[in-house]
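K.L.:
One structure, pasted below without further comment.
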Amino acid sequence: MILLISGPSGAGKSTVYHELLRRDPRLGFSVSTTTRPARAGEKDGVDYDFVDDAEFDRLVAAGAFLEWARVHDRRYGTRRDQVAALEAAGRIPLLDIDVQGGVQVLDQVGVEVVSVFVWPPSWAALEARLRERGTDSDAVIATRLKNARWEIGYADRYAYWVVNDEVEAAVRRLEAILVAEGCRRERWGAAPVQAPARELE
Ligand code: ADP
Ligand code: 5GP
């Protein structure tokens, strides 16, 4: 299983999935690679692998990315080796990626992807959250709000919609999705109980 989460910047994705990661040790965060500069408090190799344009070009040429996209004037990508390492460790990779990357993953990977689009409760709430976060300049906030208009046009590609009206409620919805997905028949290799062999008559 891969948990794919997308939604407009400021919808509250990282707030919600940080709590989900804390509660569910099966999940492992897929650290993306980006050319955007680190925000105050972000750690290289933990929040993102921060690289320059030349290094990003090299990784693209080497085919290192499962997907990558230009988002808000910067490039972001999911490295194949990140996802493979999480899977090898028996974890469920959690991808927080934009809709352009999400569509690339949905087109390449089948039933294993559990796709969730996180909505803000309203447009006003989205803008307020971007401002309250206090990490971005007015110009960056304006770009993110402008981009949110077309990003929500991709929501139809996602299997689940979660409105992040309240953090605890949104986390519970994601937990419920994971429980339901774990019960999907397609994920069972074999039936959990086999009929006993009939005795020879
Ligand atoms: P994203 O990862 O989608 O860009 P963040 O998780 O950084 O968004 O959240 C953006 C801002 O909104 C943060 O300041 C966060 O504390 C706040 N926030 C997140 N979820 C909620 C919520 N349900 N209600 C109110 N504020 C929220
Ligand atoms: P931020 O700069 O706020 O951390 O992220 C901006 C946007 O980039 C978010 O929509 C986030 O989901 C997206 N993003 C983060 N990592 C990746 C990635 O690896 N690939 C793609 N396509 N988008 C990403």
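K.L.:
Considering only residues that are in a strand (DSSP E or B) and of a type in the set (A, V, I, L, M), look in the range 93-137 and name the one that is nearest to ligand 2 (Cβ to nearest atom).
P.N.:
From the range 93-137, those in a strand (DSSP E or B) are 93-96, 113-119; that's our starting set.
Now drop any that are not of a type in the set (A, V, I, L, M), which leaves 94-95, 113-114, 116, 118.
Working: Leu94: 11, Leu95: 7, Val113: 14, Val114: 16, Val116: 12, Val118: 10 Å.
Looking at the filtered set, the residue picked out is Leu95.
K.L.:
Could you check the range 76-93 and list, in sequence order, the residues that are at negative phi and surrounded by fewer than 21 Cβ atoms within 10 Å (Cβ to Cβ)?
P.N.:
In the first step, residues of the range 76-93 are kept if they are at negative phi; the result is 76-89, 91-93.
Matches in the range 76-93: Arg79, Arg80, Asp81, Val83, Ala84, Ala85, Leu86, Glu87, Ala88, Ala89, Arg91, Ile92.
K.L.:
If you go through the range 80-94 one residue at a time, do you hit one that is among the charged types (D, E, K, R) and in contact with a helix residue (DSSP H, G or I) (Cβ under 8 Å, 6 or more places away or on another chain)?
P.N.:
The answer is no; no qualifying residue exists.
K.L.:
Could you check the range 132-141 and list, in sequence order, the residues that are loosely packed, with under 11 Cβ neighbours inside 10 Å and either closer than 17 Å to Pro120 by Cα or within 12 Å of ligand 1 (Cβ to nearest atom) (or both)?
P.N.:
Within the range 132-141, the first condition is being loosely packed, with under 11 Cβ neighbours inside 10 Å, and the residues that meet it are 132, 134, 137-139.
Hits for the range 132-141 are Glu132, Gly134.
K.L.:
Only one of Ala40, Ala69 is of a type outside the set (S, T, N, Q), within 30 Å of Trp123 (Cα to Cα) and near ligand 2 (Cβ under 10 Å from one of its atoms). Can you tell me which?
P.N.:
Ala69
K.L.:
Follow-up question, since we're still on this one. In the range 1-37, which residues are among the β-branched types (Val, Ile, Thr) and either part of a loop (DSSP other than H, G, I, E, B) or within 25 Å of Glu132 (Cβ to Cβ) (or both)?
P.N.:
Of the range 1-37, the ones among the β-branched types (Val, Ile, Thr) are 2, 5, 15-16, 31, 33-35.
Scanning the range 1-37 gives Ile5, Thr15, Val16, Val31, Thr34, Thr35.
K.L.:
Residue under question is Gly12, and the condition is that it be within 17 Å of the chain's Cα centre (by Cα), touching a residue at least 60 places away in the same chain (Cβ under 8 Å) and either over 23 Å from Pro120 (Cα atoms) or surrounded by fewer than 19 Cβ atoms within 10 Å (Cβ to Cβ) (or both); does it hold?
P.N.:
Criteria not met by Gly12.
K.L.:
Moving on to the next point. I need the full set of residues from the range 38-72 which are in a loop (DSSP other than H, G, I, E, B), within 16 Å of ligand 1 (Cβ to nearest atom) and either touching a residue at least 60 places away in the same chain (Cβ under 8 Å) or of a type outside the set (A, V, I, L, M) (or both), in order please.
P.N.:
So in the range 38-72, the residues in a loop (DSSP other than H, G, I, E, B) come out as 38-43, 45-47, 51-52, 62-64, 72.
Among the residues that remain, those that are also within 16 Å of ligand 1 (Cβ to nearest atom) are: 38-43, 46-47, 72.
Answer for the range 38-72, where residues must be in a loop (DSSP other than H, G, I, E, B), within 16 Å of ligand 1 (Cβ to nearest atom) and either touching a residue at least 60 places away in the same chain (Cβ under 8 Å) or of a type outside the set (A, V, I, L, M) (or both): Arg39, Ala40, Gly41, Glu42, Lys43, Asp47, His72.
K.L.:
Moving on. Out of all the residues in the range 49-68, is one or more under 17 Å from the mean Cα position of the chain (by Cα) and surrounded by fewer than 16 Cβ atoms within 10 Å (Cβ to Cβ)?
P.N.:
Let us first name the residues in the range 49-68 that are under 17 Å from the mean Cα position of the chain (by Cα), namely 49, 65-68.
If we keep only those that are surrounded by fewer than 16 Cβ atoms within 10 Å (Cβ to Cβ) too, we end up with none.
Within the range 49-68 (the criterion being under 17 Å from the mean Cα position of the chain (by Cα) and surrounded by fewer than 16 Cβ atoms within 10 Å (Cβ to Cβ)), the answer is no, since none of the residues qualifies.
K.L.:
Somewhere in the range 2-9, is a residue more than 16 Å from ligand 1 (Cβ to nearest atom), within 15 Å of the chain's Cα centre (by Cα) and not polar (S, T, N, Q)?
P.N.:
yes
K.L.:
On to the next question. Tell me the residue from Arg144, Arg173, Arg149 that is out of contact with any Cys (no Cβ under 6 Å at 6 or more places or on another chain), away from ligand 1 (no atom under 12 Å from the Cβ) and part of a helix (DSSP H, G or I), please.
P.N.:
Details: Arg144 fails: away from ligand 1 (no atom under 12 Å from the Cβ); Arg173 fails: away from ligand 1 (no atom under 12 Å from the Cβ).
Every option except Arg149 fails the conditions.
Bear in mind these aren't lab numbers, they're just calculated from the coordinates by the rules spelled out. Nothing here was measured: the structure is a model prediction, and the numbers come from that model. Every residue, glycine among them, receives a Cβ derived from its backbone with ideal geometry; neighbour counts consider all protein chains shown.
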